[in-house]
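For reference, the structure discussed in these notes is given below.
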Amino acid sequence: MSGKQFQFHPEARQDLREAILWYRNRSPSVAAEFRGIASKAIRNIANAPQRHPRYLHGTRRLVLRRFPFSFVYLDDPDVVSIVAVAHAKRKPGYWKARL
C-alpha cells in the first residue's frame, strides 16, 4: 500500500471491532461488507489525508456513505492517527480525550 503510515488509537481500534461485531451478530454478510468498506476508507485516508474536510479539534473526517460511521483522524507529518471510528448517533467530539 502506498501513502502514509497509519496507526489506530487503541480505543479507535476497539470502536471498529465493536462495530464489526455488532454487524456480525445481525448479518455476517453485512459485517463483511462493512469490513471491506472500512479497509477501503483507511487506504483512502492513508493515500490522501488532506482530501477529507477538517473536523473538530484539529482532526479530519471521512464519512462512510453506506454505514452510519466516520473515521476521525489526525494528519501528522509522518503518520495518520485514526482517533475514532465514530457512529453518527454518538455525541460529536466524544473522542477528544484521545488526542
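If you scan the stretch 34-59, which residues turn out to be farther than 25 Å from Trp22 by Cβ and of a type outside the set (Gly, Ala, Ser)?
Asn47, Pro49, Gln50, Arg51, Pro53, Arg54, His57 - these are the residues of the stretch 34-59 that are farther than 25 Å from Trp22 by Cβ and of a type outside the set (Gly, Ala, Ser).
Of Asn25, Asn44, which residue is among the polar types (S, T, N, Q) and either in contact with a helix residue (DSSP H, G or I) (Cβ under 7 Å, 6 or more places away or on another chain) or loosely packed, with under 12 Cβ neighbours inside 10 Å (or both)?
None of the other options fit; the residue is Asn25.
Is there any pair linking a residue in the stretch 13-42 that is more than 13 Å from Ile82 (Cβ to Cβ) to one that is assigned to a helix (DSSP H, G or I) and of a type in the set (Lys, Arg), with Cβ under 7 Å and at least six apart or on different chains, and which?
Final answer for the pair search is Ile20/Arg35; Ala31/Arg24.
Since every read-out is calculated from the coordinates, none of them should be taken as a lab result. Just so it is clear, the structure is predicted and the values come from calculations on it, not from any experiment. Don't worry about glycine lacking a Cβ; one is built from the backbone with ideal geometry, like all the others, and counts go over all protein chains shown.
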